[in-house]
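**Student:** This is the structure I have questions about; it appears just below.
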Amino acid sequence: MTFTPSFHDLAHLAHLELLTPKPEESLAFFTEIVGLHESGRSGDSVYLRAWGDYERASLKLTAAKTSGLGHVALRTRSGQVLTQLAEHLSQHGSGPDRRKGQSHPPGRRRGGGRHPGS
């Protein structure tokens, strides 16, 4: 049976990581223009959040040689939908990295662990 994601399958865009060759300019854009607030730093990354976010960070900016999307975390309505969505994305060339605790905001990791550097 072919999986076709529907509107109610994705519950939340939890957070994302943007790679940037211009980290200071990117940080200025997201803080001074968009209005996000810095909530932490770790290595070459800065974590940002909006006023109403209930997570400690919803955007991670990471210094890199080229720009790109480093990571997207999605919450689904069930574990079964998560598995089906991961398989669906893999079939369309966007294989997920489902390692627990990788690239999560400071202080928040799956399983309740602490993020290094927080």
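The values are calculated or read from the model by the stated rules, or taken from the named source; none is laboratory data. This is a predicted model, so every value here is computed, not measured. For neighbour counting, all protein chains shown are included, and Cβ atoms are generated from backbone atoms with ideal geometry for every residue, glycine included.
**Student:** Are there any strands (runs of 3 or more DSSP E) wholly within segment 24-98 with 1 or more residues that are touching a Phe, Trp or Tyr at 6+ places or on another chain (Cβ under 9 Å) and under 18 Å from residue 14 (Cα atoms), and if so which?
**Tutor:** Filter on segment 24-98 gives 37-42, 45-49, 59-63.
**Student:** Can you tell me which condition residue 75 does not meet? The list is (1) touching a helix residue (DSSP H, G or I) at 6+ places or on another chain (Cβ under 7 Å); (2) under 17 Å from residue 94 (Cα atoms), and all the others hold.
**Tutor:** Every condition holds for residue 75 apart from (1).
**Student:** Give me the residue from segment 57-71 that is among the hydrophobic types (A, V, I, L, M, F, W, C) and surrounded by 13 or more Cβ atoms within 10 Å (Cβ to Cβ) and, out of that set, farthest from residue 23 (Cα to Cα).
**Tutor:** 57
**Student:** Going residue by residue through segment 51-72, is there one that turns out to be small (Gly, Ala, Ser) and within 20 Å of residue 89 (Cβ to Cβ)?
**Tutor:** Scanning segment 51-72, I find at least one residue that is small (Gly, Ala, Ser) and within 20 Å of residue 89 (Cβ to Cβ), so the answer is yes.
**Student:** Give me the residue from segment 1-20 that is outside any loop (DSSP other than H, G, I, E, B) and of a type in the set (A, V, I, L, M) and, out of that set, surrounded by the most Cβ atoms within 10 Å (Cβ to Cβ).
**Tutor:** Per the stated criteria, the residue is 19.
**Student:** Right, another one. Check off (1) of a type in the set (Gly, Ala, Ser); (2) modelled with pLDDT of 70 or more; (3) under 18 Å from residue 16 (Cβ atoms) for residue 101 and give me the number that stays unchecked.
**Tutor:** So residue 101 meets the others, but not (2).
**Student:** Select from segment 21-56 the residues that are in contact (Cβ under 8 Å) with a residue 12 or more places away in the chain and within 28 Å of residue 6 (Cβ to Cβ) and write down the one among them that is surrounded by the fewest Cβ atoms within 10 Å (Cβ to Cβ).
**Tutor:** Across segment 21-56, the extreme among qualifying residues is 50.
**Student:** With respect to the numbered conditions (1) at pLDDT below 85; (2) in contact with a Ser or Thr (Cβ under 8 Å, 6 or more places away or on another chain), which one is the sole condition not fulfilled by residue 55?
**Tutor:** The number of the failed condition is (2).
**Student:** Suppose the filter is at pLDDT 80 or above, polar (S, T, N, Q) and surrounded by fewer than 17 Cβ atoms within 10 Å (Cβ to Cβ); does residue 84 pass it?
**Tutor:** In short, no.
**Student:** Looking at (1) out of contact with any His (no Cβ under 8 Å at 6 or more places or on another chain); (2) modelled with pLDDT of 95 or more; (3) of a type outside the set (Phe, Trp, Tyr), which one does residue 60 not meet, given that it meets all the others?
**Tutor:** It is condition (1) that residue 60 fails.
**Student:** Of (1) farther than 13 Å from residue 62 by Cβ; (2) of a type in the set (A, V, I, L, M); (3) touching a helix residue (DSSP H, G or I) at 6+ places or on another chain (Cβ under 8 Å), residue 18 satisfies all except one. Which?
**Tutor:** Going through the list (1) farther than 13 Å from residue 62 by Cβ; (2) of a type in the set (A, V, I, L, M); (3) touching a helix residue (DSSP H, G or I) at 6+ places or on another chain (Cβ under 8 Å), residue 18 breaks only (1).
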